[in-house]
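Written below as structure tokens is the structure these notes are about.
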Amino acid sequence: MKQKNNKIRIAIQNSGRLRESSLDFLKSLGLKFKITERSLITPCLNADVDILSVRNSDIPKYLKNNSADYGIVGENVLIENKSKLKIMKRLGFGLCSLVIAIPKKSKIVSPSDLRDERIATSYKNTLKNYLKKNKINASIVNIQGSVEICPSINLSDAICDITQSGNTLKENGLKILEKILDSEAVLVKNPYLSQQKKTYFERFMKNTL
């Protein structure tokens with residue numbers, strides 16, 4: 001699979017908690033660019049590099065389909081997508097955890113109590129693997145966004161979601177029952193990346209790898 005564009009393409013989150021830190025990281029490499037909130041493709045001013053602003057969950061697809069050469073994405077997204085993309089560097093920002101949380105007044109006191117309960121999540125694959133590994137037979141309610149509200153409207157008995165400080169959980173009357181994994185932003189690369197592009201980009205990365 002060949003790209004028509006010979007420029008290096010770096011996919012980053014178009015909005016959300018990783019975006020600004022991703023831009024700061026690219027600037028730290030010496031890349032110069034002028035980017036706006038509506039910029040979908042932003043060319044760098046001093047390098048043959050384009051920055052693609054896309055949905056966070058789609059970044060692995062752009063790399064696997066050879067539509068981008070590098071990507072900055074949360075490791076939790078790679079795990080959820082069962083992606084085998086090679087991690088070039090852990091970037092030290094976007095630190096978070098995927099946890100199972102329950103209402104503060106819930107009668108659930110341990111993960112084994114989740115048996116036959118409903119768990120709302122946007123991370124169904126990761127949760128499914130956790131439940132299977134721990135031999136817990138629970139129902140998964142697949143929700144895209146606003147997962148924290150589900151127990152209060154009786155859509156679920158627990159949730160599985162990403163948390164950083166835990167404040168959002170507390171604000172919604174929830175507490176952590178179990179941590180499934182820790183995550184941070186990582187730099188990943190396209191499995192079809194040419195040696196020419198790899199050599200070119202690693203000139204920018206030489207002081208960070």
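The values are calculated or read from the model by the stated rules, or taken from the named source; none is laboratory data. This one's a predicted model, so the numbers in the text were calculated from it and none came from an experiment. Counting neighbours? That spans all protein chains shown, and the Cβs are built from the backbone with ideal geometry, glycine included.
Computed values, structure above
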{"item": "Qualifying residue in segment 95-111 (condition: farther than 25 Å from K128 by Cβ and in the same structural domain as T199 (by TED's automatic domain parsing))", "result": "no"}
{"item": "Output for segment 49-71, where each listed residue is farther than 20 Å from R38 by Cβ and among the β-branched types (V, I, T)", "result": "none"}
{"item": "Restricting segment 21-50 to residues that are assigned to a helix (DSSP H, G or I) and hydrophobic (A, V, I, L, M, F, W, C), the residue that is farthest from R203 (Cα to Cα)", "result": "L23"}
{"item": "V99 surrounded by 20 or more Cβ atoms within 10 Å (Cβ to Cβ), at pLDDT 95 or above and over 16 Å from G145 (Cβ atoms)", "result": "yes"}
{"item": "Strands (runs of 3 or more DSSP E) wholly inside segment 55-149 containing at least 1 residues that are in contact (Cβ under 8 Å) with a residue 24 or more places away in the chain and of a type in the set (F, W, Y)", "result": "70-74"}
